[in-house]
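What follows is a short report on a single structure.
The values are calculated or read from the model by the stated rules, or taken from the named source; none is laboratory data. Here the structure is a predicted model, which means the values were calculated and not measured. These area figures cover heavy atoms from the full protein model, side chains too; ligands, DNA and RNA do not enter into them. Shrake-Rupley method; radii C 1.70, N 1.55, O 1.52, S 1.80 Å.
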Amino acid sequence: MTDKLKLDWSPEQIAGWLKVEYPSDPSRHVSHETIYRTLYIRPRGVVEKSLTKRLRTRRTMRRSRNSTTAGQGRGRIIDAVPISERPREVETRMTPGHWEGDLIAGSGNSHIATLVERHSRLTILVKVAGKDTVSVVGALARKLRSLPAELKRSITWDRGMEMAGHASLTKKTGIPVYFCDPNSPWQRGSNENTNRLLRQYFPKGISLAGYSQKELNKYAGRLNRRPRKTLGFRSPADAVALIG
């Protein structure tokens with residue numbers, strides 16, 4: 001990609017050329033917006049200086065054409081990458097390492113972060129000290145860093161402000177974060193379904209603050225050992241064991 005930029009190709013030209021050059025290999029296709037994003041160092045979005053002069057706009061900052069600065073301090077997630085920019089392989093569920101995430105809530109403003117891997121339906125539960133983005137992103141980063149590389153490809157989250165620090169999560173783990181469209185929980189349906197299953201262990205109206213990470217691991221393990229019809233009655237744990 002950098003070779004083409006040095007030839008003064010625009011990201012749009014590179015994206016179009018890839019589709020023509022590799023018509024039967026979607027894994028090589030990429031949108032021009034994704035190319036722009038790879039040129040910027042998160043979290044500030046500052047483009048690498050050696051490549052700045054290759055971009056026709058000469059901009060040192062990048063925003064999506066659909067983004068706006070209006071209201072960013074009042075509930076907007078800055079530089080949120082929409083689900084429409086997510087790699088096509090995520091939709092097929094054939095490639096492991098793509099996660100869906102959310103929080104489940106308890107009384108007293110208590111929460112647990114939940115992650116579900118789309119290929120295997122493996123569930124990870126993460127204890128969080130609060131719903132603020134520093135607490136959530138910090139706890140997720142500590143948990144995700146321990147995963148093998150083949151299970152660290154992407155995360156899809158809703159528009160909750162607990163993921164406002166998504167750039168920090170990507171920087172700490174190497175995992176890009178994609179955001180669902182507003183009011184579209186079905187776009188992370190595996191996570192929604194799993195959160196309903198988790199209410200067997202964490203019914204609504206109880207505080208979630210008292211659960212230790214060890215206890216959360218135990219409940220996640222119970223769920224991960226259940227056979228699933230969608231997996232041919234293998235369990236998520238079995239499916240993960242087959243990866244690689």
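Taking a straight Cα-Cα cut-off under 18 Å and skipping sequence neighbours fewer than 8 places away in the same chain, the aspartates and glutamates within cross-link reach of Lys4 are Glu12, Glu21, Glu33, Glu48. Under 1.5 on a/c is rounded, so check that first for the stretch 141-244, then, if it is not, pick prolate when a/b is larger than b/c and oblate when it is not; a ≥ b ≥ c are the square roots of the alpha carbon gyration tensor eigenvalues. It is rounded, given that a/c, with a ≥ b ≥ c, falls under 1.5.
Which of rounded, prolate or oblate describes the stretch 80-133 when judged by the alpha-carbon gyration tensor and an a/c cut-off of 1.5?
On the way: a/c = 3.66, a/b = 1.85, b/c = 1.97.
Verdict is oblate for the stretch 80-133.
Could you check how much of the accessible area of the stretch 158-202 is carbon and sulfur, as a whole percent, using a 1.4 Å probe? Display every interim value, and only then the final one.
On the way: 1030 of 1980 Å².
Carbon plus sulfur share of accessible area: 52 percent.
Can you sort Met161, Met94 by 1.4 Å-probe accessible area, starting with the largest?
On the way: Met161 80, Met94 140 Å².
From most accessible down to least: Met94, Met161.
Which links in Lys131/Lys172; Lys131/Lys214; Lys19/Lys152; Lys127/Lys152 stretch past 23 Å when you go from one Cα to the other? Show your work: numbers first, answer last.
Numbers: Lys131/Lys172 19 Å; Lys131/Lys214 20 Å; Lys19/Lys152 26 Å; Lys127/Lys152 19 Å.
Going by Cα-Cα distance, Lys19/Lys152 fall outside the 23 Å limit.
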